[in-house]
Number of protein chains: 2
Amino acid sequence: MPIYNAPVKDMQFVLHDLLKIAETDIPGYDELDRETTQAILEEAGKLSEQVLAPLNKVGDEQGCSLENGVVRTPEGFDDAYEQMRAGGWMGLDADPEYGGQGMPYLMNCATGEMFVSSNMAFNMYQGLTHGAYSAIHAHASDELKAVYLPKMIDGEWSGTMNLTEPHCGTDLGLIRTKAEPQDDGSYAITGSKIWISAGEHDLSKNIIHLVLAKVPGGPEGVKGISLFIVPKFMVNEDGSLGDRNAVSCGGLESKMGIHGNATCVMNYDGAKGFLVGELHKGMRAMFTMMNEARLGVGLQGYAQGVVAYQNALAFAQERLQGRAVTGVAAPDKPADPIIVHPDVRRNLLHQKSFIEGARAFAFWGAMMIDRAHRNEDAAAEGLISLLTPVIKGFLTDKGFETTVLAQQTLGGSGFTTEWGLEQFVRDARITMIYEGTNGIQSLDLVGRKLGADGGKHVMAFFELVKTFIAETKGEDEAFDRDFREPLKAASKDLQAAGMFFMQQGMKNPNAALSGSYDFLHLFGHVCLGLMWAQMARAARKSLEAGASDEAFYRTKIATGRYYMARQLPATGMHLKRIESGAEPVMELDAANF
Amino acid sequence: MPIYNAPVKDMQFVLHDLLKIAETDIPGYDELDRETTQAILEEAGKLSEQVLAPLNKVGDEQGCSLENGVVRTPEGFDDAYEQMRAGGWMGLDADPEYGGQGMPYLMNCATGEMFVSSNMAFNMYQGLTHGAYSAIHAHASDELKAVYLPKMIDGEWSGTMNLTEPHCGTDLGLIRTKAEPQDDGSYAITGSKIWISAGEHDLSKNIIHLVLAKVPGGPEGVKGISLFIVPKFMVNEDGSLGDRNAVSCGGLESKMGIHGNATCVMNYDGAKGFLVGELHKGMRAMFTMMNEARLGVGLQGYAQGVVAYQNALAFAQERLQGRAVTGVAAPDKPADPIIVHPDVRRNLLHQKSFIEGARAFAFWGAMMIDRAHRNEDAAAEGLISLLTPVIKGFLTDKGFETTVLAQQTLGGSGFTTEWGLEQFVRDARITMIYEGTNGIQSLDLVGRKLGADGGKHVMAFFELVKTFIAETKGEDEAFDRDFREPLKAASKDLQAAGMFFMQQGMKNPNAALSGSYDFLHLFGHVCLGLMWAQMARAARKSLEAGASDEAFYRTKIATGRYYMARQLPATGMHLKRIESGAEPVMELDAANF
């Protein structure tokens, strides 16, 4: 049975040593002192370790089943769901006006990482609800909000997102689902949606579907898409449940991972739906949900890496094979633990340096979202909008890679189901695909975000790096060599890539798009390099201030040093690839592949 | 249902345009003219496409079952096995003295790639037999050979390799299985072995286990290991089967992939065994098997990439989403096929340029083995010994990566079991682990092979590259720019890395071992860069000679150009990582990870 230990200490480091959240001017953050966040994280950690983690393998092995339209979730999921509700976790950052706890989104991310590490498939049931909550909260009428939000925040009802149809996923302009206006102001929704996570299940009393559909007579393509609430059960005036709506689960997808989550075909046969936001402006409303969902998926990616690493490390410290090349390390044992071997350490440090950097990056991003919302800070809004595809794409690609590396640490045991590593690999794999494949993320980054508002946000990012580099000049010799200089070099690579796109962009859009994926990774590395430089500096300052846990802070610096020396050099490779331009990619005729 | 098309044309290109096999001085190669190899490859292709490929998903879904000691393979495997036997494929390159067809090993690899692409789990039953055949053929007494080889070559009997025990895989010095000498000259074998592929099944009439065990009183560690033949059924004087031997399957492993192959726990309870080769020299005999097996696993790695790529390509040519950024490509359709999008092309070309380069590398390696054996060429033996860990490690890491990229091409469909891509990913994953994890391969490369015979073999490799670069100077301007110069630069990186190891090696072995994994990849890229440069040159020469299939040769050059521009730049990154030395890897205390 795989282990999971909630990384409370490391999260506290990110929140307080690095981000210094209690000292910011973000409304609500003043309440987040060390003691408060410690208490919240410990509670979420306990739930994750004791309730969710033990169900992860059960969920994988049992999966979900569909019988007569009813979807059964794996054993124990219902009880865990009730414990999540009882703890108030589902409405942690939700609007107090509707019964939420009104905490910052940041805390939702921190606790969310734990829930995902311990049981990703299970956590999707509430994760989707959160996304649906956000879209309704941001765009629906007060009447609809009053009806739906309180019970979704409570978890009594859950939510879904319905975008994809069999013939279109990425290209939503092609959707065929129809919404016909009815005399009572509602719409009759007809069509079929696929890959609907948590589309049907037995954990909540009602399921609130958010559905993209086209009202006849509207504009062609994405400009004619509207968003609708379609409840599984109609809701009576008094809030009680009425008739079953004409929406049903037509099948469950058989898939590589996340077996514990029901991936449904949903059929709408004239189901009653209610317009959310303006007619034909459904994409905008959906984007509220998708941007949040993309950050959530980035978090899923590295969170699977977190638990995979913990298991790889435990194995490497126990498994005895061979002897250290520089001399026997454990003379009382028949062989040394494999963590003595350089290549095993390389593998573990690759994992560790990524996940700790990723955590900092994700939490920083969450803080930016809070700043954007709570301070109505347009600069923060712009920056997080730019970074969203990087967080989604980079953290899921590297998160998956981390699970594969962790599996490798275990050798043959990693391939067996018994040790559980292979499940982390299979579960993590979906994060590179859903909420827009990582290729689509790179297109969003290069084709849209980079030039948004005249390139203002990417300039702001470079300014931020530049300021940090300027401020830390001459501060510490080792820091300068191990962190500041590598960050400077990596940032220069990123700027060169941006420059290449600008020069090519006008005359040859394919040149930029041929390099978009590499650009996303290059950007991701610079972000993690920045995080590591900031973390190393924070750790050094804590040490200088006489922090008691010296080993923790020294380890932090050493782990960062690994990242800068061994991961960051990837930026040069990505730049070279980008600068090779469109020709190697576009030259071949499609027929000759 | 996934597709599979045997790549006969591309194999013919490698065999004849690139390697010019019929023109070499390797005994037996003179018979391999274009027509002969075409006929062999077409036959193997037909079997792969029509018989093996349709069973791949069946095998994955049904898996193997164990009841009362009997292992049942998936439906249809028995019939396919008989067709493989009937076609003489199992003894294609086996010794004619024992009933084999005596073809070069190269042809075994070429046909083997097809068998693996179409059904990896199935092909392991005969693959393991081949390895066992080779060890017996090279090391056993004439009596044992006469008894066992003919029926193994025929496929009536199959073979296995028994190395791993629960407490040791990599560190075989720790094995506990005992072999007690008996009065009749045989040995009584007692112990338990795990992860025995094809250890028990219903496809062959007898199973010949090759088992590592220790004879009491022998030297400690690996120097006290001997190799034994332990048949499932004893063999009577007349060759008929006698009593069941005291060896049995104690359980089947539940695992991530290759479900169609039975991975067994094998229990030996005083089973009768026969010594192969000299007492206490079992490791040497086992290495004969392992080296061949390692090349076979490298082949498995890229072969899974081959079939995955074919399916990704078919999807990309059919799936309609979005429009080409430079203008509508398919005006008669609601959207363009996704192959118009630069990032989809990048992904496909990454796959294509790897697998075609890998095929050339593997076939070249197989030719070296033939040269080593058939010409008793020590230089060829030394070079292939050096390259074996590169072929195993690089082709499986990149092969797995290729299946993941191919899965990504399909978006959400790639995650469903229906489309079959996820099976290729799960099956390919084991290749990075078994026959020595890729970390172990890198240790073998840097710790053993690099310095073997005074570094003679790596010098020979550099000489080979240097000669090619010198010979092709000024031959063609485009070739110079796109192939010759990048190869030169990559080779320089490899030499710099080797130099770094040499300088560090004496005083700090950890510095070399901390960079071993990167060195393996750096080496692999240079090998594929060399292959691509040679292929591009061969294609150009064929074009100049007026070859009829112009599109094929032009595509070959364009695909190579992609590899050089977009994959080869990885060498710089690997060099930087290597040159960062031991400190980032060794600094942390094991307790502080």
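Structure summary
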{"item": "Residues that are in contact with a Gly (Cβ under 9 Å, 6 or more places away or on another chain) and within 26 Å of A:ASP336 (Cα to Cα), drawn from segment B:578-593", "result": "B:ILE578, B:SER580, B:GLY581, B:ALA582, B:VAL585"}
{"item": "From the options B:PHE394, B:PHE461, B:PHE424, residue that is more than 30 Å from B:ASP343 (Cα to Cα) and of a type in the set (Phe, Trp, Tyr)", "result": "B:PHE461"}
{"item": "Meets criteria (of a type in the set (A, V, I, L, M, F, W, C) and crowded, with 24+ Cβ neighbours inside 10 Å) for B:ALA406", "result": "yes"}
{"item": "Subset of segment A:412-425 [buried (at least 24 other Cβ atoms within 10 Å of the Cβ) and either within 8 Å of another protein chain (Cβ to nearest Cβ) or among the charged types (D, E, K, R) (or both)]", "result": "A:GLY414, A:PHE415, A:GLU422, A:VAL425"}
{"item": "Subset tally (residues that are touching a Lys or Arg at 6+ places or on another chain (Cβ under 8 Å) and more than 26 Å from A:SER491 (Cα to Cα)) for segment A:547-569", "result": "1"}
{"item": "Qualifying residue in segment A:170-191 (condition: open to solvent by 20 Å² or more (accessible area, probe 1.4 Å), free of Cβ contacts under 8 Å to residues at least 60 places away in the same chain and within 22 Å of A:MET432 (Cβ to Cβ))", "result": "yes"}
{"item": "Candidates B:GLY273, B:GLY239, B:GLY250 - the one that is part of a strand (DSSP E or B), assigned by TED's automatic domain parsing to the domain that holds B:GLY173 and either open to solvent by 10 Å² or more (accessible area, probe 1.4 Å) or acidic (Asp, Glu) (or both)", "result": "B:GLY250"}
{"item": "Hits in segment B:549-582 - residues which are under 13 Å from B:GLY515 (Cα atoms) and open to solvent by 30 Å² or more (accessible area, probe 1.4 Å)", "result": "B:LYS576, B:ARG577, B:GLU579, B:SER580"}
{"item": "Answer residue from segment B:411-461, given it is of a type in the set (A, V, I, L, M) and not in a helix (DSSP H, G or I) and is farthest from A:GLU422 (Cα to Cα) among those", "result": "B:LEU450"}
{"item": "Check on B:ARG346, surrounded by 23 or more Cβ atoms within 10 Å (Cβ to Cβ) and at pLDDT 95 or above", "result": "yes"}
{"item": "Near pairs, Cβ below 6 angstrom, 6+ apart or cross-chain, from segment A:438-465 (outside the structural domain of A:ASP518 (by TED's automatic domain parsing) and farther than 19 Å from A:PRO509 by Cβ) to any residue that is modelled with pLDDT of 95 or more and aromatic (Phe, Trp, Tyr)", "result": "none"}
{"item": "Any hit, segment A:38-50, residues being assigned to a loop (DSSP other than H, G, I, E, B), without any contact (Cβ under 8 Å) to a residue 40 or more places away in the chain and open to solvent by 30 Å² or more (accessible area, probe 1.4 Å)", "result": "no"}
{"item": "Qualifying residue in segment A:394-409 (condition: farther than 16 Å from A:GLN317 by Cβ, away from chain B (no Cβ under 14 Å) and in contact with a helix residue (DSSP H, G or I) (Cβ under 8 Å, 6 or more places away or on another chain))", "result": "yes"}
{"item": "Scope segment B:51-86; condition at positive phi and either among the small types (Gly, Ala, Ser) or open to solvent by less than 50 Å² (accessible area, probe 1.4 Å) (or both); matching residues", "result": "B:GLY63, B:GLY69, B:GLY76"}
{"item": "Test: residue in segment A:506-522 that is assigned to a helix (DSSP H, G or I) and away from chain B (no Cβ under 14 Å)", "result": "no"}
{"item": "Helices (runs of 4 or more DSSP H) within segment B:529-593 that include 3 or more residues facing chain A (nearest Cβ under 8 Å), more than 30 Å from A:ASP482 (Cβ to Cβ) and modelled with pLDDT of 95 or more", "result": "B:550-562"}
{"item": "Positions within segment B:215-233 being closer than 16 Å to B:GLY159 by Cβ and open to solvent by 10 Å² or more (accessible area, probe 1.4 Å), in sequence order", "result": "B:LYS232, B:PHE233"}
{"item": "Qualifying residue in segment A:263-270 (condition: at pLDDT 95 or above, among the small types (Gly, Ala, Ser), open to solvent by 10 Å² or more (accessible area, probe 1.4 Å) and in a loop (DSSP other than H, G, I, E, B))", "result": "no"}
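Table: residues versus (1) surrounded by fewer than 18 Cβ atoms within 10 Å (Cβ to Cβ); (2) in a loop (DSSP other than H, G, I, E, B).
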position: B:LEU299; (1), (2): no, no
position: B:ALA316; (1), (2): no, no
position: B:GLY322; (1), (2): no, yes
position: B:VAL328; (1), (2): yes, yes
position: B:GLY357; (1), (2): no, no
position: B:ILE384; (1), (2): no, no
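Per-residue answers, yes or no, for (1) of a type in the set (Asp, Glu); (2) surrounded by fewer than 24 Cβ atoms within 10 Å (Cβ to Cβ); (3) outside the structural domain of B:GLY260 (by TED's automatic domain parsing):
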position	(1), (2), (3)
B:GLY88	no, yes, yes
B:GLY91	no, no, yes
B:ASP95	yes, yes, yes
B:ALA110	no, no, yes
B:MET114	no, no, yes
B:SER118	no, no, yes
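The values are calculated or read from the model by the stated rules, or taken from the named source; none is laboratory data. Predicted model, so just to flag it, every value in this text is computed and none were measured. Neighbour counts are summed over all protein chains in view; Cβ atoms, including those assigned to glycine, are modelled from backbone coordinates with ideal geometry. What goes into the accessible areas is simple: the full protein's heavy atoms, side chains included, and nothing from ligands, DNA or RNA. Shrake-Rupley method; radii C 1.70, N 1.55, O 1.52, S 1.80 Å.
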